[in-house]
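What follows is one structure encoded as structure tokens, with my remarks underneath.
The values are calculated or read from the model by the stated rules, or taken from the named source; none is laboratory data. Treat the numbers as computed from the prediction; the structure is a model and nothing was measured. So basically every Cβ, Gly included, is an ideal-geometry build from the backbone, and we count neighbours across all protein chains shown.
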Protein chains: 2
Amino acid sequence: MNAEIIAVGSEMLTPDRVDTNSLYLTGQLNALGVEVTAKHVIGDDRGRLAAAVAAAAGSSNLIILTGGLGPTEDDVTRDAVAAATGRTLAFHQEIADRIEQRFRLRRRAMPEINKRQAYLIAGAEVLENDHGTAPGQWLDHDGRVIMLLPGPPNELEPMFEERCLPRLERMLPPQAIRVRILRIAGMPESEVDQLAAPIYTRYTNPVTTILAGGGDIQLHLRARAADAAEAERLAEEVASQIEGILGDRIYSRNGDPIEAVIGERLRARGDTVSVAESCTGGMLGERLTSVPGSSDYFVGGLLTYNDRMKNTLAGVSEEILRRSTAVSADAAEALAGGARARTGSTWAVSITGVAGPGGGTEAAPTGTVYIAVAGPDGCRSHHVRFTGDRTRVRMFATQTALDLLRRRLV
Amino acid sequence: MNAEIIAVGSEMLTPDRVDTNSLYLTGQLNALGVEVTAKHVIGDDRGRLAAAVAAAAGSSNLIILTGGLGPTEDDVTRDAVAAATGRTLAFHQEIADRIEQRFRLRRRAMPEINKRQAYLIAGAEVLENDHGTAPGQWLDHDGRVIMLLPGPPNELEPMFEERCLPRLERMLPPQAIRVRILRIAGMPESEVDQLAAPIYTRYTNPVTTILAGGGDIQLHLRARAADAAEAERLAEEVASQIEGILGDRIYSRNGDPIEAVIGERLRARGDTVSVAESCTGGMLGERLTSVPGSSDYFVGGLLTYNDRMKNTLAGVSEEILRRSTAVSADAAEALAGGARARTGSTWAVSITGVAGPGGGTEAAPTGTVYIAVAGPDGCRSHHVRFTGDRTRVRMFATQTALDLLRRRLV
């Protein structure tokens, strides 16, 4: 079974508003084993909305509309669904009475326009709204289910859980879902996909999706089966093959970010870490301390943005800065060594480079980054050249630094 | 002229991902006077996507697709648009050569699958991508324009601005738009709106929208008129009234972030700045150095995550740490003073607090933060208590610290 969600309202077609109801609904539907195959936002336009409902009814079993059930001219959802399904709309006095009662309880008279909310599509059932005036509607149409739900989350969510979920559960076969999230560092998306696609494309269950951003790749595997053991077996069958190929490029099997994985390893070893950052200006420290409880292993660090700070704060010799410059393997190693010595941490990670857009030289063009990891087994540095803008270079530099540290903590 | 936006990708049909590219595109289109009448998210399904494109082409002049231009099996946008428009797809060697060159520059071989990105819809023009491998496409079809743009914002945004915007401007009637972006720090959104709404709600032109996040409030005023002088006059009329009420809470009149505003002031004064961070772990340094050219004034800093580092790196006395604890006005002032002394900077900003979720005490519950700014005119500290999770506390702490520094640089 699959679903489409249609959010109704011109205010969600502005540059600053997103539809978040669909995220809630997607979570609820996925838990039932229902896939969301498309989402739409349509303005307060009866004709456009009717066309969207008709199109959705042509390709999905379940269509959920949110919003557009208010009492004003702009509220076109009832009309549009009636038009799309070729059904009539009729006034129901008992619905109007219930809305009027809500107003009476708050010692107010029901405005005449609220009677619009008492129109029901022929054949639809009313979904009572305990938190607002707009009743929802549940319509079985042509083998599909069309739900009309109110837009405000505090009305929509209880209505969905109390009135729709029990109906959906009766309709659907019981189903277990198992999700694996494999996270990969140190490889571009295309390379991960080239290796993993020959495996996962052979399976329609689990469904595999690939996500990439900031040098981090995620493979989401979602397996479904009648029982939990079978869903687990299906997820494991594909995950283990991908793991066999990607090996230790996979840093997480449960979706944990790399900062958390490093934190667990450091905590397990009783080790500590510090940083010395130049072009990333604090981003590496910020990422390591984004994990709650990171004070167990993160001691601190040095932001050595200019040459003088590299010398006075981290003890990088003037000779290295003169001879090799601040963007060099020598400087990266001296920074990591300096941070480790001055903080007394077990490990220290340094980053020095040219984030751009300015500051590049022939020897060290924009995007050039040196990363060093110093630890009990010595200090090693790495040279990388990233493309893209300042933000991207800094994101990739910290991601690479975290991955290099992770590989030393085995 | 109206537009529909179709975001392509199954990952945006999960419970935790929204399509944000459409917000950017909506802002750009609105500025041209183009309304967005519908937005869609379609999974990686060729048939469904082709149907969505065909439907959109039936009711809108401008269809923008984002995503699905990658090199993998999942990337179906090229195929789907070709199918929807009844056009063929053909391999173009010169596109493949350009992609290959990108890989060569990074000293890597182009994976075979990237050749998929060299297929062009018959009649489409290539939109070159300076920031990634996926070229975009611009197709004039049947009196409509269909644009295929890459999904990553750092590829999509420059491509739209450099390649699409000039083409669109030539197509549209001339209209002058003037935008004011007033940015405000140190006030909650509700308070800003309570003061500003009585002014801006009296005007339908300019259109005013309010955005808030991470302690930063933005008021966007968009005025439209037949000529530039009139648009300017309309924008100024409303902006000047709002400025009269909010005063120096407004730190930017052109949308510049607070980090850039501080940078300009420091540069103009010939001053420098350093940081000493505890609970924010580097976020303040990261933010200050997010501005290109920040090496003109940012010298470096100290990440003093535990008490020992506060003592050894920043010289906070053991007595202060014992008597007042690390989360105190005394400690914040000693940290700022220590950073200033050890880096020799004109100004130093320190942050120490409890970001949570753990670590709170009766004297310093979770969300408690002390911020100090040390400068030529002395050192002053500030006590704030933020609500929300770890990320929010850290964002608000750095935002407040930046605003306190800004107010000292007058």
Within the range A:239-278, the residues that are hydroxyl-bearing (Ser, Thr, Tyr) and touching a residue at least 40 places away in the same chain (Cβ under 8 Å) are A:Tyr251, A:Ser252, A:Thr272, A:Ser274, A:Ser278
Please work out if B:Ala50 is under 27 Å from A:Gly47 (Cβ atoms) and assigned to a helix (DSSP H, G or I).
yes
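Given the structure, is B:Glu73 of a type in the set (D, E, K, R), under 21 Å from A:Ser60 (Cα atoms) and at the interface with another protein chain (Cβ under 7 Å from one of its Cβ atoms)?
Considered against the rule, which asks whether it is of a type in the set (D, E, K, R), under 21 Å from A:Ser60 (Cα atoms) and at the interface with another protein chain (Cβ under 7 Å from one of its Cβ atoms), B:Glu73 comes out as no.
In the range B:209-238, what residues are within 14 Å of chain A (Cβ to nearest Cβ), farther than 30 Å from B:Asp389 by Cα and free of Cβ contacts under 8 Å to residues at least 60 places away in the same chain?
B:Leu221
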What residue, among those in the range B:327-343 that are in contact with a Ser or Thr (Cβ under 6 Å, 6 or more places away or on another chain) and of a type outside the set (Asp, Glu), is surrounded by the most Cβ atoms within 10 Å (Cβ to Cβ)?
B:Leu335
Which residues, counting only those in the range A:308-360, are touching a Cys at 6+ places or on another chain (Cβ under 7 Å) and within 14 Å of chain B (Cβ to nearest Cβ)?
A:Ile351, A:Thr352, A:Gly353, A:Val354, A:Ala355
Contact list, first residue from the range B:348-360 and assigned by TED's automatic domain parsing to the domain that holds B:Phe386, second anywhere and polar (S, T, N, Q) and in a strand (DSSP E or B), beta-carbon distance below 6 Å, six or more apart or interchain, is B:Ala348/B:Ser274; B:Gly353/B:Thr368; B:Val354/B:Thr368
Filtering the range A:245-294 down to residues that are touching a helix residue (DSSP H, G or I) at 6+ places or on another chain (Cβ under 9 Å), farther than 30 Å from A:Thr368 by Cβ and assigned to a helix (DSSP H, G or I) yields A:Ile245, A:Arg267
With the condition kept exactly as written, say whether any residue in the range B:248-266 is surrounded by fewer than 17 Cβ atoms within 10 Å (Cβ to Cβ), over 30 Å from B:Glu232 (Cα atoms) and at pLDDT 95 or above.
no
Considering only residues that are in contact (Cβ under 8 Å) with a residue 24 or more places away in the chain and crowded, with 21+ Cβ neighbours inside 10 Å, look in the range A:22-33 and name the one that is nearest to A:Arg144 (Cα to Cα).
A:Leu29
Residue list for the range A:11-33, restricted to those being out of contact with any Ser or Thr (no Cβ under 9 Å at 6 or more places or on another chain) and of a type outside the set (D, E, K, R):
A:Met12, A:Thr20, A:Tyr24, A:Gln28, A:Leu29, A:Ala31, A:Leu32, A:Gly33
Would the range A:352-374 turn up any residue that is part of a loop (DSSP other than H, G, I, E, B), in contact with a Phe, Trp or Tyr (Cβ under 7 Å, 6 or more places away or on another chain) and surrounded by fewer than 24 Cβ atoms within 10 Å (Cβ to Cβ)?
yes
Across the range B:295-307, what is the total count of residues that are more than 7 Å from chain A (Cβ to nearest Cβ), assigned to a helix (DSSP H, G or I) and farther than 19 Å from A:Asp296 by Cβ?
1
Do you know which residues across the range B:375-399 are surrounded by fewer than 19 Cβ atoms within 10 Å (Cβ to Cβ), under 24 Å from the mean Cα position of the chain (by Cα) and not in a helix (DSSP H, G or I)?
B:Thr387, B:Gly388, B:Asp389
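Here's the yes/no breakdown for (1) under 14 Å from A:Gly9 (Cβ atoms); (2) in contact (Cβ under 8 Å) with a residue 60 or more places away in the chain; (3) more than 10 Å from chain B (Cβ to nearest Cβ):
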position: A:His40; (1), (2), (3): yes, no, no
position: A:Gly43; (1), (2), (3): yes, no, no
position: A:Arg48; (1), (2), (3): yes, no, no
position: A:Val53; (1), (2), (3): no, yes, yes
position: A:Ser60; (1), (2), (3): no, yes, no
position: A:Ala84; (1), (2), (3): no, no, yes
Can you name the residue in the range A:6-21 that is among the hydroxyl-bearing types (Ser, Thr, Tyr) and within 8 Å of another protein chain (Cβ to nearest Cβ) and is also surrounded by the fewest Cβ atoms within 10 Å (Cβ to Cβ) among such residues?
A:Thr20
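Any idea which of A:Asp216, A:Asp271, A:Asp296 is at pLDDT 95 or above, surrounded by 14 or more Cβ atoms within 10 Å (Cβ to Cβ) and of a type outside the set (A, V, I, L, M)?
Result of the check over A:Asp216, A:Asp271, A:Asp296: A:Asp271.
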Does B:Ala339 count as assigned to a helix (DSSP H, G or I) and either within 18 Å of B:Val393 (Cβ to Cβ) or touching a Leu at 6+ places or on another chain (Cβ under 8 Å) (or both)?
yes
